[in-house]
Amino acid sequence: MYKRILLKLSGEALAAGRGFGVDALFVNAIAQEIAEAARSGCEIGIVVGGGNFFRGVAEQAIHMDRVAADHMGMLSTVINAIALQDAIEKTGVHVRVMSAIQMHQVAEPYIRRRAIRHLEKGRVVIFAAGTGNPYFSTDTAASLRAMEIGAEVLLKATSVDGIYSADPKKVTDATKFEEITYMEIIRLGLQVMDTTAVSLCKDNRLPMIIFSMRERGNILRVIAGEKLGSLVTA
């Protein structure tokens, strides 16, 4: 079992196929798994996306100033972080939301040493508002936070069960990669994470596992070290 991990959850995943908003039943199911993993002794940091409410690079933002649109996207992640915090805390596990944009009434400011202390005390830490900077995705925020807290692995939960040569929802004969390097992802132009996030992981030799969160228990299985999804190495 991993001692300390960083879990990346997309906003779209929290919508559970509805496209917009938060699916309470699905979030509660994820919260149960995260709580079980935390009780087993794994220290868990989480980065949430905000695509179920607003994405700075989405079509809805095409006529907006990019900085304004990205700030709206960051605030969307805070909504998801609070929803996830509430669901996990209902299981009896302590959770802290730390925001890269200061908003003291709803979240702690992100301070690296304080985040590590929370993890050491067995609290789940949810990192909200991305990196706090426009032009950076929540994938990049996940890579950055994983390295800052000293995570052993970056786990990215998605709607597919790994990395494929093409979108398996559109291309039926797409090939799945059991293992792949960051350089191969860049060379093949695979849409796994944005290039900044991939480069950060590659340069700092941080392994990443892409797996499906659709099957109940997968978060626990991957944390326990079971071979799931696709492993990305430097």
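Could you look through region 121-139, keep only residues that are over 11 Å from Arg96 (Cα atoms) and charged (D, E, K, R), and pick out the one that is surrounded by the most Cβ atoms within 10 Å (Cβ to Cβ)?
The extreme case among them is Asp139.
Identify all residues within region 173-187 that are part of a helix (DSSP H, G or I) and either surrounded by 14 or more Cβ atoms within 10 Å (Cβ to Cβ) or not aliphatic (A, V, I, L, M) (or both); write none if there are none.
Tyr182, Glu184, Ile185, Ile186, Arg187
For the subset of region 107-136 comprising residues that are without any contact (Cβ under 8 Å) to a residue 40 or more places away in the chain and of a type in the set (A, V, I, L, M), which member is farthest from Arg66 (Cα to Cα)?
Ile116
Tell me, which helices (runs of 4 or more DSSP H) wholly within region 1-120 include 1 or more residues that are modelled with pLDDT of 95 or more?
24-39, 66-89, 112-120
Return yes or no: is Ser199 assigned to a helix (DSSP H, G or I), touching a Cys at 6+ places or on another chain (Cβ under 8 Å), over 23 Å from Glu36 (Cβ atoms) and of a type in the set (S, T, N, Q)?
No.
Could you figure out which of (1) among the small types (Gly, Ala, Ser); (2) assigned to a helix (DSSP H, G or I); (3) farther than 25 Å from Arg39 by Cα isn't true of Ser143?
(3)
So in region 213-223, with the set limited to residues that are in contact with a helix residue (DSSP H, G or I) (Cβ under 8 Å, 6 or more places away or on another chain) and surrounded by fewer than 16 Cβ atoms within 10 Å (Cβ to Cβ), which one is nearest to Ala15 (Cα to Cα)?
Residue satisfying both the conditions and the ranking: Arg216.
Find all pairs meeting these conditions: Cβ atoms under 6 angstrom apart; at least six residues apart or on different chains; first residue within region 39-54 and buried (at least 24 other Cβ atoms within 10 Å of the Cβ); second residue assigned to a loop (DSSP other than H, G, I, E, B) and at pLDDT 95 or above.
Between residues of region 39-54 that are buried (at least 24 other Cβ atoms within 10 Å of the Cβ) and residues that are assigned to a loop (DSSP other than H, G, I, E, B) and at pLDDT 95 or above, the close pairs are Gly45/Ile149.
The values are calculated or read from the model by the stated rules, or taken from the named source; none is laboratory data. Please read these numbers as outputs of a predicted model, since none were measured by experiment. We place every Cβ from the backbone using ideal geometry, glycine too, and count neighbours over all the protein chains shown.
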